[in-house]
Amino acid sequence: MKRGKFITVEGIEGGGKSTNIAYIAEQLDIAGIEYILTREPGGTEVAEVIRSILLDSELPTMHEDTELLLMFAARAEHLQKKILPTLATGKWVICDRFTDSSYAYQSGGRGIAIERIATLENWVQGELRPDITLLFDLDADVGLARTRIRGEADRFEKEAVDFFNAVRQHYLAMAKQHPERYRLINAQHDLPEVQQQVQKVLDELLT
Ligand code: TYD
């Protein structure tokens, strides 16, 4: 059985990831591809409990190492219980955020050394890396303005614009470093234009 494709979707808040994931799902349905949609942190019952701790804005400030290790604890669970078994059946996995979020937020945003994250990545994932990563890129100001009209902010959304600028720059650096895997989507355009960019990536994946 050929392993399914592992596609991850990344970017700062307000880039329209959710809307575009729904679009990707529609297009895969049309193409007759079997897939699951999942997300990080979370994706399994245990990992979703870890997620609720990570996003809880009522908790006292968490040490950045705790945050990183919880992200990877949730990821280990998600990978072993859901992602790997699904890929093994030949189904595709479309994941809303994955390890690149840890690099962008916990290293780019919080300042943890990249090598520490690489160590955890190699430990938890072994050789597994996404086949394609769509990066929805936009100005941090624009992204934040979009999320602030959504209501209640989680622990990350409470960060200031400088934090998201740093996260964005880290994403862009990774996209440059891994051009074979990254597909950069300009998320600042109107939705139809953004979907055209997503469609191009899908065309490439489906041929
Ligand atoms: P979520 O509500 O899924 O954010 P969004 O809707 O913007 O995707 O919350 C996930 C938050 O967790 C998001 O702010 C990014 C952060 N995060 C990390 O900091 N590191 C990680 O490894 C992951 C997976 C997420």
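If a residue has to be more than 27 Å from G90 (Cβ to Cβ) and either aromatic (F, W, Y) or at pLDDT 95 or above (or both) to count, how many in region 20-57 make the cut?
8
Kindly indicate which of D137, D162, D141, D154 is within 15 Å of the chain's Cα centre (by Cα) and open to solvent by 20 Å² or more (accessible area, probe 1.4 Å).
Numbers: D162 fails: within 15 Å of the chain's Cα centre (by Cα); D141 fails: within 15 Å of the chain's Cα centre (by Cα); D154 fails: within 15 Å of the chain's Cα centre (by Cα).
Exactly one of D137, D162, D141, D154 is within 15 Å of the chain's Cα centre (by Cα) and open to solvent by 20 Å² or more (accessible area, probe 1.4 Å), namely D137.
State which residue pairs qualify: first residue open to solvent by 40 Å² or more (accessible area, probe 1.4 Å) and inside region 23-47, second residue among the basic types (K, R) and in a loop (DSSP other than H, G, I, E, B) in any location, beta carbons under 6 Å apart, and separation of 6 or more residues or different chains.
E34/K91; Y35/K91
Having 3 or more residues that are of a type in the set (K, R) and touching a helix residue (DSSP H, G or I) at 6+ places or on another chain (Cβ under 9 Å) is the bar; report the strands (runs of 3 or more DSSP E) wholly within region 1-111 that clear it. Give the steps one after another, and end with the answer.
Numbers: elements: 6-10, 35-39, 92-96.
Answer list for region 1-111: none.
Please work out which residue is nearest to the ligand (Cβ to nearest atom), limiting yourself to region 112-130 and to residues that are buried (at least 17 other Cβ atoms within 10 Å of the Cβ) and part of a loop (DSSP other than H, G, I, E, B).
Of region 112-130, the ones buried (at least 17 other Cβ atoms within 10 Å of the Cβ) are 112, 117, 120-121, 124-125, 130.
Filter once more, so that each one left must be part of a loop (DSSP other than H, G, I, E, B): 112, 130.
Working: I112: 11, P130: 13 Å.
The qualifying residue nearest to the ligand (Cβ to nearest atom) is I112.
Take the residues of region 66-109 that are basic (K, R) and buried (at least 19 other Cβ atoms within 10 Å of the Cβ): which is farthest from the ligand (Cβ to nearest atom)?
The residue in question is R75.
Restricting to region 54-90, what's the tally of residues that are charged (D, E, K, R) and either closer than 19 Å to R181 by Cα or touching a Leu at 6+ places or on another chain (Cβ under 9 Å) (or both)? Write out each step before concluding.
First, the residues of region 54-90 that are charged (D, E, K, R): 56, 58, 64-65, 67, 75, 77, 81-82.
Next, from what is left, pick out any that are either closer than 19 Å to R181 by Cα or touching a Leu at 6+ places or on another chain (Cβ under 9 Å) (or both): 67, 75.
Count: 2.
Working carefully through the options K17, K5, find the one that is in contact with a strand residue (DSSP E or B) (Cβ under 6 Å, 6 or more places away or on another chain), open to solvent by 30 Å² or more (accessible area, probe 1.4 Å) and at pLDDT 95 or above.
The match here is K5.
The values are calculated or read from the model by the stated rules, or taken from the named source; none is laboratory data. Keep in mind that what you see is a predicted model, and the values were worked out from it rather than measured. Heads up, the Cβs are rebuilt from the backbone with ideal geometry, glycines too, and the neighbour counts pull from every protein chain shown. Note: accessible area is taken over every heavy atom of the protein model, side chains too, but ligands, DNA and RNA are not part of it. Shrake-Rupley method; radii C 1.70, N 1.55, O 1.52, S 1.80 Å.
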